[in-house]
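Structure, as structure tokens:
The values are calculated or read from the model by the stated rules, or taken from the named source; none is laboratory data. Predicted model only: the values in this text are computed from it and were never measured. When we count neighbours, we look across all protein chains shown, and the Cβ atoms used for this are built from the backbone with ideal geometry, even at glycine. Surface areas here come from the heavy atoms of the whole protein model, side chains and all, with no ligands, DNA or RNA. Shrake-Rupley method; radii C 1.70, N 1.55, O 1.52, S 1.80 Å.
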Amino acid sequence: EDFTYAAGSLLTSNGWTAHSAGGTNAIVTSAPGLTLAGYPGSGVGNAVSLALSGEDDNRTFAVQSSGTVYAAFMVNASDAAVDPIGGYFFHFGPDPVGTAFRGRIFIKKDASNNIAFGLSKAATADPNVAFTPFSYSLNTTYLVVLKYSIVDGATNDTVDLFVSTTTPGTEPSVTLSAIDVSATDINPGTVSLRQGSATTSPTVQVDGIRVGTTWAEVTQSSVANVQHVVDYDGDG
């Protein structure tokens, strides 16, 4: 999803579905889009801006019942709450999305305007949301990759997060892992953009959302197959 439709367009008119507060502070596209060297969605189309509270939207993909699901996107935060948890703005879900939100990604800031990314499998409160140090900056575009690993058995799927200012060609060490592993598992089939509480939600732009089952599928440009016709016997 590169938001390749006009600025100001409703997501719900372009393949997304509202699952909460439909029509209230509806999510629309904004120009320009985000850029990040090496990322296949860089500089393509527009972006979406999320702030305050209002409509939450989801988009479906083929439901996965085994293996690993990745969602990659660019994000740029211009503000966030000075709050123990901050607010989450992106997550996986089943299809239909329901309320089993999994892989929630949070942002908060400190008093010096440094930001931290947070992650949970399902939790929305301490002590079950893990956070990075406050080592990231406002008004900086990051590549964020959410990884949901489906593990045989019940209540044991794992969730990891990668945050980078570059586009690694191979999967790097994780930045953050969810600690509430015992939350109920899902078969991922949706990605969602969320606008939560007006007092805790980060103000962010999101662009270039890609979902796949490998790191390469979501972070690397596809290579087209090229057919070469060769006259081996020289007869034209």
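General remarks:
- Probe 1.4 Å, accessible area per residue of the chain, Å²: 43
- Computed over segment 138-198, the alpha-carbon pair-distance distribution with 5 angstrom bins reads 4, 14, 20, 19, 22, 13, 6, 2, 0, each value a whole percent.
- Rg/Rh ratio calculated on Cα atoms of segment 85-187 (Kirkwood radius): 0.97
- Percent breakdown of C-alpha pair distances by 10 Å bin, ordered from the shortest bin, for segment 97-143: 25, 46, 25, 4
- Relative contact order of the chain, pairs being alpha-carbon contacts under 8 Å that are 6 or more residues apart, as %: 28
- Dimensions in Å of the chain - Rg and Dmax from alpha carbons: 18.7, 76
- Working ranking of peptides 27-39, 8-20 by packing, defined as the average number of other Cβ atoms within 10 Å per residue, highest first, is 27-39, 8-20.
- Shape class of segment 1-102 from the alpha-carbon gyration tensor: rounded, with the ratio a/c of largest to smallest axis under 1.5.
- Computed from the alpha carbon atoms alone, the convex hull of segment 169-208 holds 184 Å³ per residue.
- Carbon/sulfur fraction of accessible area - the chain, other protein chains in place, 1.4 Å, %: 50
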